[in-house]
Amino acid sequence: MAHLATGKPVGGSKEQSGGGLRYPTNGKTIYHRPLNRSKTSELSQASFAYLFSEMISYAQKRVTGIQDLEKRLNLQGHPIGLKLLDLLLIREPARTQARPLNIIALLHFIKINIWQHLFGRQADRLEKSSNPDTPDEYMIIDNEPLVNAYVSVPREMSQLNCAAFVAGIIEGVCDGAAFPARVTAHSVGGKEEGEMWPGKTVFLVKFQPEVLEREALIGKG
Amino acid sequence: MSYYFAIIGTQDNPLFEYEFGTSKQGGDGQPRFSEQARHLNQFILHSSLDIVEEVQWTSNQLYLKAIDKFFNNYISCFLTAGNTKFLLLHQPTGGGAAAAAAGGNSSSTRSSTSIGANPTSAATEEAVKNFMGEVYENYVKATMSPFYKVNMEIKSPVFRARVAAAGRKYL
């Protein structure tokens, strides 16, 4: 009751001055909440899995093919990536706050900071495409993507990898940091018995040509 | 000392603007831009965006310091990781054409000792940096709202009050 009693007058007085803005009853807005989060405040994986399954079925309702479905999952992740970039940077200690200026710095930020924040561990590997025709392609490798933990893909949709959602987050981070890229998720785990990582996923990051052009210019100094 | 602060989105679109004066050295926090010069502030600020794009790839710091100068107007820039620009135009009163235009304003007499009197000094840079840091924190909080998309205008009066408070505290 005390909660309600203090809340009412605050809301009433602000309403007159604030022109239609409605404050929460306890007077606390998003600006009153701290940006830092303690290490222990993790979310339950079960509730995430439940939510994620709903996201997939929502995306699946209005699509014609697997590519379309992956595109939609990608789009769901994109805004998260844009926002995570600034959030994780401000959580860094002030001395080490730095904007990623080159591809390697950006990918390291994704591999270490983003993965640590989302999944509680780093990504397993970071590779550059060995094919000389595609110098714009980089690969982030996750042996066991957390988002796929409870996803069993039906045989007729074997092309699908629901980590397209995570690919969308990565794409959001790259776009936000002014390294426009296309990111796609591919399953590469073998199907035979005794395979160590059957759910192994490669996130293929393909940067736009202007990124490489700029990279070359900066490299020259 | 008068300030004009603006947040510019990734498409060079303004998201937020705020005009204020110094609160240090007995300042009343009111901007003292002359009427003729006031509407130019937006032009001056936006014209420095070209320089921001040049400077941003030479330093990995968020705060890029004073990057541009137009007569008596100094522009400081802070760049977020998501490429949103925080630009602060500061115009010292006393000396220079702009102050002369301001006429016999009472503010010109007290400006000589304020931190703003020398816009490129280390003390000023530090004050602006602290101001920007505080605004950045509030900007990130604003973006945390699930209803906020990148490059949307920030209309929240709470955000405006927070920026005003940071201005009073540091500048």
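When you look at A:GLY172, is it more than 17 Å from A:ILE112 (Cα to Cα) and small (Gly, Ala, Ser), yes or no?
Values: more than 17 Å from A:ILE112 (Cα to Cα): no; small (Gly, Ala, Ser): yes.
For A:GLY172, the condition - more than 17 Å from A:ILE112 (Cα to Cα) and small (Gly, Ala, Ser) - is not met.
Say whether the condition of being more than 16 Å from B:THR80 (Cα to Cα), assigned by TED's automatic domain parsing to the domain that holds A:LEU51 and charged (D, E, K, R) is met by at least one residue in region A:89-109.
Checked region A:89-109: no residue is more than 16 Å from B:THR80 (Cα to Cα), assigned by TED's automatic domain parsing to the domain that holds A:LEU51 and charged (D, E, K, R).
Please pick out the residue among A:LEU69, A:LEU107, A:LEU73 that is aliphatic (A, V, I, L, M), in contact with a strand residue (DSSP E or B) (Cβ under 7 Å, 6 or more places away or on another chain), away from chain B (no Cβ under 14 Å) and part of a helix (DSSP H, G or I). Talk me through it step by step, then tell me what you get.
Working: A:LEU69 fails: in contact with a strand residue (DSSP E or B) (Cβ under 7 Å, 6 or more places away or on another chain); A:LEU73 fails: in contact with a strand residue (DSSP E or B) (Cβ under 7 Å, 6 or more places away or on another chain).
Being aliphatic (A, V, I, L, M), in contact with a strand residue (DSSP E or B) (Cβ under 7 Å, 6 or more places away or on another chain), away from chain B (no Cβ under 14 Å) and part of a helix (DSSP H, G or I) holds for just one of A:LEU69, A:LEU107, A:LEU73, which is A:LEU107.
Which ones in region B:12-39 are more than 14 Å from chain A (Cβ to nearest Cβ), assigned to a loop (DSSP other than H, G, I, E, B), surrounded by fewer than 16 Cβ atoms within 10 Å (Cβ to Cβ) and not small (Gly, Ala, Ser)?
First, pick out the residues of region B:12-39 that are more than 14 Å from chain A (Cβ to nearest Cβ): B:13-14, B:17-39.
Right, trim to assigned to a loop (DSSP other than H, G, I, E, B) and you get B:13, B:22-34, B:39.
Keeping just the survivors that are surrounded by fewer than 16 Cβ atoms within 10 Å (Cβ to Cβ) gives B:13, B:25-26, B:28-30, B:39.
Within region B:12-39, B:ASN13, B:GLN25, B:ASP28, B:GLN30, B:HIS39 meet the criteria.
Residue by residue through region A:163-218, note down the ones that are part of a loop (DSSP other than H, G, I, E, B) and under 15 Å from A:ASN148 (Cα atoms).
Of region A:163-218, the ones part of a loop (DSSP other than H, G, I, E, B) are A:163, A:177-180, A:188-200, A:208.
If the condition is that a residue be part of a loop (DSSP other than H, G, I, E, B) and under 15 Å from A:ASN148 (Cα atoms), then A:ALA163, A:VAL188, A:GLY189, A:TRP197, A:PRO198, A:GLY199, A:LYS200 are the ones that fit.
Restricting attention to region B:124-171, report how many residues are assigned to a loop (DSSP other than H, G, I, E, B) and charged (D, E, K, R).
Just the residues of region B:124-171 that are assigned to a loop (DSSP other than H, G, I, E, B), to begin with: B:144-156, B:171.
Cutting the leftovers down to charged (D, E, K, R) gives us B:149, B:153, B:155.
Of the residues in region B:124-171, 3 are assigned to a loop (DSSP other than H, G, I, E, B) and charged (D, E, K, R).
Out of all the residues in region A:36-54, which are within 14 Å of chain B (Cβ to nearest Cβ) and either under 17 Å from A:VAL166 (Cβ atoms) or modelled with pLDDT of 85 or more (or both)? Let's see the steps before the verdict.
So in region A:36-54, the residues within 14 Å of chain B (Cβ to nearest Cβ) come out as A:36-37, A:51.
The answer is A:LEU51, and nothing else.
Would you point out the residue of region A:91-123, among those that are among the basic types (Lys, Arg) and free of Cβ contacts under 8 Å to residues at least 12 places away in the same chain, that is farthest from A:GLY172 (Cα to Cα)?
So in region A:91-123, the residues among the basic types (Lys, Arg) come out as A:91, A:95, A:99, A:111, A:121.
Going one step further and asking which of them are free of Cβ contacts under 8 Å to residues at least 12 places away in the same chain, we end up with A:95, A:121.
Values: A:ARG95: 25, A:ARG121: 20 Å.
So the residue we want is A:ARG95.
Report, by residue number, each residue of region B:72-115 that is within 14 Å of chain A (Cβ to nearest Cβ) and either over 14 Å from B:LEU171 (Cβ atoms) or modelled with pLDDT under 90 (or both). Before the answer, list the steps.
Narrowing region B:72-115 to residues within 14 Å of chain A (Cβ to nearest Cβ): B:77-86.
Correct list: B:CYS77, B:LEU79, B:THR80, B:ALA81, B:GLY82, B:ASN83, B:THR84, B:LYS85.
The values are calculated or read from the model by the stated rules, or taken from the named source; none is laboratory data. Just so it is clear, the model here is predicted, and its values are computed rather than measured. No Cβ is skipped: glycine too gets one built from the backbone with ideal geometry, and neighbour counts run over all protein chains shown.
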